[in-house]
Amino acid sequence: MDKILIEGGVPLHGTVAVSGAKNAALPVMAAALLAEGDHRIGNVPDLADVRTLSRLLAHMGCRVERGAGGSVEVRVPRDASPEAPYDLVRTMRASVLVLGPLLARWGRARVSLPGGCAIGARPIDQHLQGLAALGAELRLEHGYVEARVPRGRLSGTTFTFDKETVTGTENVMMAAVLAEGRTVLENCAREPEVSDLAAALVRMGARIEGAGTHRIQVDGVESLRPVAHDVIPDRIEAGTFLVAGALPGNRVTVTGCVPAHLEALLEKLRSVGASVATVAGGLEVAGGARPRPVDVKTAPFPGFPTDMQAQMMVLLALADGSSVVTETVFENRYMHVLELRRLGADISVDGRVALVKGGRGLSGAPVMATDLRASAALVLAGLAATGVTEVRRVYHLDRGYERIEQKLAPLGARIRRERA
Ligand code: EPU
């Protein structure tokens, strides 16, 4: 297993470019199933999760190839095998995104249940209830969702999500685009990735209004055409580099990001005393001498993203006082705390609330990555710590960050990967 070695305490200066968003690329790739023919999806990061979904689409009978300039080309056949096996789904929960498109296009699907993961139980009940409301019959059997559409075609409906769910909204919206009649979805997730998927679907001929709000209206069409779409920049990768820039003594320009997707984070970076400026092509962040403490509560977009909670905690661990972090989206997303403590951070957790007592510096140590965003936090902590930090189980990081060590090294970071 690869490791990342970081010699910390070195100031970072320079410019880093953001890749395409993993969490926008995955749903758009799944949406390709909705139309026969040759799709071209641009700005797709070369990540483990993208390769997993490519394997899944290939398993169903699609041809998936990397094209020029970061694009992925998907050829979708007339007939596919609508099955997502456990071995692929268990490595990536987002595989469940094929369920809606399979039901919409072929009227049947067999998709393994994803199960739990390091950050919580993460049920898919809202996906299933939404699809049932559209007329699918769903049974859970032998660890699989066995689904079919008795009428042959899904029917438009009104459905209210009990909980704002990003992939749930995406799954049900993808199913609704080929349903007969109008679907109104209420309490939808408003994340930019949902809006980007809607934009891709509209390019395919879908009729969707309201994406990016809590109410999405879809007028079903009979068929769609293949998509040509570039996915949005990765706001979480951008946010991770912005936090790196806000560490004491650093100054980093992040290019290719969309500031409007990062407002909640930028507000917190300003509150800790970092300077944030819009510059040509992106954002520049510079850290003060010492961050100020600030309370952070995660929430669905446009709130502070749960996917930035671990990284922000690194900054707060260095602050001049105590901060309270509240995680409201996932119930078990503090796995990084034990590892940050190994680096000297003073953090205690009580349920969904973490108390971060700043004031101590961090000192390098071997640490273990537990999930994707936790790994990113450990890299940031390693950059800020004195001495050497060794981050193990880097495969978590590789699921969501494209060549992170190659992007950080030109900023002056002493970081390298040791191949197993
Ligand atoms: N939830 C339910 N029932 C459902 C669906 C969700 O109870 O049917 C709950 C979840 O357990 C959680 C909350 O609702 O407590 C929100 O979960 P959501 O469904 O929005 O999460 P997701 O769609 O599974 C996506 C991202 C995550 C990101 C979350 C929250 C993708 C592929 N994944 O997950 O990204 O943390 O939204 O913003 O889009 C990551 O990239 O590291 C990552 C984990």
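The residue that is farthest from the ligand (Cβ to nearest atom), among those in the stretch 105-126 that are in contact (Cβ under 8 Å) with a residue 40 or more places away in the chain, open to solvent by less than 40 Å² (accessible area, probe 1.4 Å) and out of contact with any Gly (no Cβ under 9 Å at 6 or more places or on another chain), is Ala118.
Within the set Gly382, Gly359, the sole residue that is of a type outside the set (Ser, Thr, Tyr) and outside any helix (DSSP H, G or I) turns out to be Gly359. Suppose the filter is outside any loop (DSSP other than H, G, I, E, B), at pLDDT 95 or above and either away from the ligand (no atom under 16 Å from the Cβ) or under 17 Å from the mean Cα position of the chain (by Cα) (or both); does Gly205 pass it? It is false that Gly205 is outside any loop (DSSP other than H, G, I, E, B), at pLDDT 95 or above and either away from the ligand (no atom under 16 Å from the Cβ) or under 17 Å from the mean Cα position of the chain (by Cα) (or both). Among the candidates Pro192, Pro233, the residue that is within 13 Å of the ligand (Cβ to nearest atom) and over 19 Å from Arg105 (Cβ atoms) is uniquely Pro192. On the stretch given as the stretch 318-337, residues that are within 24 Å of Leu383 (Cβ to Cβ) and open to solvent by 60 Å² or more (accessible area, probe 1.4 Å) total 3. If I ask for residues that are buried (at least 17 other Cβ atoms within 10 Å of the Cβ), in contact with a helix residue (DSSP H, G or I) (Cβ under 9 Å, 6 or more places away or on another chain) and more than 19 Å from Ile6 (Cβ to Cβ), which ones from the stretch 338-370 would you list? Scanning the stretch 338-370 gives Ile347, Ala354, Val356, Gly358. Figure legend. Inter-residue proximity from the stretch 79-103: first residues farther than 22 Å from Ala118 by Cβ and open to solvent by 10 Å² or more (accessible area, probe 1.4 Å), second residues in a helix (DSSP H, G or I) and not β-branched (Val, Ile, Thr), beta-carbon distance below 6 Å, spacing 6+ or different chains. Indicated pairs: Pro82/Leu102; Pro82/Trp106. The set of residues in the stretch 359-391 being away from the ligand (no atom under 15 Å from the Cβ) and modelled with pLDDT under 95 consists of Gly359, Arg360, Gly361, Met368. Take the residues of the stretch 81-96 that are out of contact with any helix residue (DSSP H, G or I) (no Cβ under 6 Å at 6 or more places or on another chain) and within 16 Å of the ligand (Cβ to nearest atom): which is farthest from Ala189 (Cα to Cα)? Taking the candidates together, the pick is Arg90. Consider the stretch 142-166 and keep the residues that are under 28 Å from the mean Cα position of the chain (by Cα) and away from the ligand (no atom under 16 Å from the Cβ). The one that is nearest to Ala104 (Cα to Cα) is Glu146. Cβ-Cβ distances below 8 Å connect the following pairs, each with a first residue in the stretch 252-272 that is over 22 Å from Pro300 (Cβ atoms), a second residue that is among the basic types (Lys, Arg), and a separation of six or more residues or different chains: Val272/Arg292. Restricted to the stretch 16-47, and to residues that are farther than 19 Å from Arg75 by Cα and more than 15 Å from the ligand (Cβ to nearest atom), which residue is nearest to the chain's Cα centre (by Cα)? Applying the filter and picking the extreme gives Ala17. When Leu138, Leu99 are checked against the criterion of being within 15 Å of the ligand (Cβ to nearest atom), within 20 Å of Cys62 (Cβ to Cβ), touching a helix residue (DSSP H, G or I) at 6+ places or on another chain (Cβ under 9 Å) and modelled with pLDDT of 95 or more, a single residue qualifies: Leu99. Exactly one residue among Ala310, Ala280 is modelled with pLDDT under 95 and under 28 Å from Ser19 (Cβ atoms), and that residue is Ala280. Among residues of the stretch 297-310 that are more than 7 Å from the ligand (Cβ to nearest atom) and part of a helix (DSSP H, G or I), those with a beta-carbon under 7 Å from a residue that is modelled with pLDDT under 95 and charged (D, E, K, R) at least six positions away or on a different chain give the pairs Gln309/Arg333; Ala310/Arg373.
The values are calculated or read from the model by the stated rules, or taken from the named source; none is laboratory data. All of these numbers come straight from a predicted model, not from anything done at the bench. No Cβ is skipped: glycine too gets one built from the backbone with ideal geometry, and neighbour counts run over all protein chains shown. Just so you know, the surface numbers come from the protein's heavy atoms only, side chains and all, with ligands and any DNA or RNA stripped out. Shrake-Rupley method; radii C 1.70, N 1.55, O 1.52, S 1.80 Å.
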